[in-house]
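Each reported figure results from applying straightforward, stated rules to the coordinates on display, with no laboratory input. Note that this is a predicted model, so its numbers are computed, not measured. Reconstructed Cβ throughout: ideal geometry from the backbone, glycine too, with neighbour counts over all protein chains shown.
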Amino acid sequence: MIIVSACLCGINTRYDGGSSSNEKVLKLLKEGKAIPICPEQLGGLKTPRCACEISVGSGKDVIEGTAAVISKDNENLTREFLKGAYEALKISKICEANTAILKSNSPSCGCGKIYDGSFTGNKISGNGITAELFIRNGIKVYTEKEEIDNITY
Ligand code: SF4
């Protein structure tokens, strides 16, 4: 089983109430190979919600307690993002998933690159909180931008 970001399946979980539908990820779901999750909803955040970014650092720093998740209207939502990441990990363990395809650049799901906390579209190297937690727990994380067809799981 593969864990996938719900928004990649066309589910309207994004902060703006929309999705980021990806044909190949949706195909995996239709074939019964994928489980969609949205860490931010699992953390108790509503949809739509105010955009959030990690300030200053990456998912690693949030997990280690040296960075925070701050919304565009300046609310500290670190606790909700961490809760969502651990709930997502719980689901991945229940279904014994060793692979995930997560939405690029997100403060939760991004892998390799994430937004830099300035809400300007700039990106830095690093993983979102859920992606980082997955990797620390032995789950291989890909984004939808990679060659999904070649992923083995
Ligand atoms: S937290 Fe992940 S699954 Fe949820 S909307 Fe953001 S990128 Fe998509």
For Lys113, which sequence-distant residues (separation of 5 or more, or a different chain) have an amide H within less than 5 Å of its own amide H, given hydrogens modelled in the peptide plane?
Asn105, Gly126
Taking K and R as +1 and D and E as -1, what net charge do the other residues with C-beta under 12 Å from the C-beta of Val25 add up to?
+1
Would you mind computing, in nm to one decimal, how far apart the modelled labels at Asn76 and Lys33 are, each placed 7 Å from Cα along Cα→Cβ?
4.3 nm
Please work out the Cα center distance from the stretch 1-49 to the stretch 68-85, rounded to the nearest Å.
19 Å
Give, to the nearest whole percent, the P(r) tail of the stretch 1-101 beyond 20 angstrom, counting all Cα pairs.
42 percent
So what are the ³J(HN,Hα) numbers for the stretch 59-68, from phi and the Karplus equation (6.51, -1.76, 1.60; θ = phi - 60°), rounded to whole Hz, Gly and Pro as x?
x, 4, 5, 5, 4, 8, x, 10, 9, 10
For the chain, with the dipole built from +1 on Lys and Arg beta-carbon atoms and -1 on Asp and Glu ones, taken about the Cα centre, which of Cys95, Gly110, Thr66 lies farthest toward the positive end?
Cys95
When Lys and Arg each count +1 and Asp and Glu each count -1, what net charge do the other residues less than 12 Å away from Ala51, Cβ to Cβ, add up to?
-2
Charge-dipole axis of the chain as Lys and Arg at +1 and Asp and Glu at -1 on Cβ define it, positive-most pick from Leu26, Gly84, Ile148
Leu26
Taking the stretch 80-121 as the region of interest, what is the percent of Cα-Cα pairs per 5 angstrom bin, listed from the shortest bin to the one with the maximum distance?
6, 20, 22, 27, 15, 7, 4, 1
Around Leu77, which amide H atoms from residues at least 5 apart in sequence, or from another chain, sit under 5 Å from its own amide H, with H modelled in the peptide plane?
Val69, Ile70, Ser71
Spelling out what I want: for every residue of the stretch 138-147, take phi, set θ = phi - 60°, compute 6.51 cos²θ - 1.76 cosθ + 1.60 (Karplus), and round to whole Hz; glycine and proline get x.
x, 8, 7, 10, 10, 10, 5, 7, 8, 6
Eigenvalues of the alpha-carbon gyration tensor of the stretch 99-139, times 5 and square-rooted, give semi-axes in Å, largest first, of 19, 8, 7
Ranked highest first by average number of other Cβ atoms within 10 Å, how do 108-116, 6-14 line up?
108-116, 6-14
What is the dipole size for the chain, taken about its Cα centre, with +1 at each Lys and Arg Cβ and -1 at each Asp and Glu Cβ, in debye to the nearest 20?
240 debye
Excluding residues on the same chain fewer than 8 positions from Lys72, give the lysines whose Cα lies under 28 Å from its Cα.
Lys46, Lys60, Lys83, Lys103, Lys113, Lys123, Lys145
Residues whose built amide H sits under 5 Å from the amide H of Ile101, excluding neighbours closer than 5 in sequence, are Ile3, Val4, Ser5, Tyr142
